[in-house]
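Computed from the coordinates by the stated procedures, all read-outs in this text should not be read as laboratory data. Predicted, not measured: the structure shown is a model, and the values here were computed from it. Cβ sites come from the backbone with ideal geometry, for glycine too, and all protein chains shown count toward neighbours.
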Amino acid sequence: MKKIFLLIALLMSVLPVCAVNWEMIETGIPNLDLYIDTDSLIYINNDECFYAIRYKAGDKQEKIAYIKSNSSTDYIGVIQTADYGIDTYKPYTVFKNAHVFMKPIKKDSFLSYSHKYSTTAQNSETVAQETSVPAEDNIKEVSYSLFDNMEDYLSHTAVALNSNWNPPKSARNTQTIVIITVGIDGSLQNYRFAQSSGNDATDRSVISAVEKTAPFMKFPRSAANTRPANFQFVFDNKLFRKSVI
C-alpha cells in the first residue's frame with residue numbers, strides 16, 4: 001500500500017472551501033443529463049487527470065462519479081460512485097485516496113463524453129499557454145484558477161507526488177519523511193529528509209518523485225502574499241495495496 005501523508009501545510013489558518021462549477025455536456029442520449037464539475041478537473045501529468053461528473057438517467061436517482069482519464073491511451077477508471085448530495089460531494093478527499101483500475105473506454109458509453117471533454121480542455125489549456133503573450137502571466141492565471149485554498153493545493157500536490165513515485169521492490173514496508181520548501185511561484189527551493197527509510201534506493205526514489213513533480217503549481221490567490229513554505233510528506237509503502245492519502 002503506497003501512501004503519501006501530508007502532515008504539515010502552512011503555519012496559517014485555512015478554511016476548507018470546495019468550489020463547484022457544474023457544466024452540462026451534450027451527449028445526444030435521450031433522458032440523460034450529464035454534467036462535469038470543471039473546478040474538480042485536475043491534471044496530474046500531461047496525460048492523466050481527475051474529475052467529477054454528475055448524471056441522471058430518466059427518473060432514476062441522480063448520481064455522482066469520480067473519474068480518472070488518460071488521454072494518451074484513451075483509458076478511463078471509475079474511482080467511486082454514489083448518490084449525489086451537496087453535503088457529501090467531496091472530490092478532493094476522494095482524489096487523495098484514489099486507487100482505480102483503468103480500462104479502454106467504450107465508444108458507446110456516456111463516459112466517453114466526459115473523457116473527451118477532459119481531453120479537449122487539456123488541449124485547449126496547452127494551446128493557450130503556447131500562444132498567449134506574455135506566457136508567464138498566462139501560466140500564473142491558469143495555476144491560480146485551479147485552487148481556492150491551500151488545502152486543495154496540497155491535495156493536488158500529494159496526488160502528483162504519488163503519481164511520480166516509483167518505489168523499488170526493496171521499499172516494501174518502509175516509511176520516508178521529506179520536507180519540501182516551495183516558493184509562492186511553485187519553485188522547488190529545497191528539500192531534506194526528516195526521516196530516512198533506511199534504504200538508499202527508496203530514498204532516491206522519493207527524491208526523484210519530488211524533482212520530477214517540480215516545479216509545483218503556484219500558490220492559490222489566498223496565499224499569494226505568503227513567503228516560501230515548508231510542506232512535510234510521509235511516503236509510506238506497504239505490501240499488497242497502493243493508495244494515496
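Once you charge only the Cβ atoms, +1 for Lys and Arg and -1 for Asp and Glu, what is the size of the charge dipole of region 183-232 about its Cα centre, to the nearest 20 debye?
The calculated dipole for region 183-232 is roughly 240 debye.
May I have the count of lysine pairs in region 22-131 with C-alpha atoms under 13 Å apart, counting pairs 8 or more residues apart or located on different chains?
Taking region 22-131 as the scope, the lysine pair count is 5.
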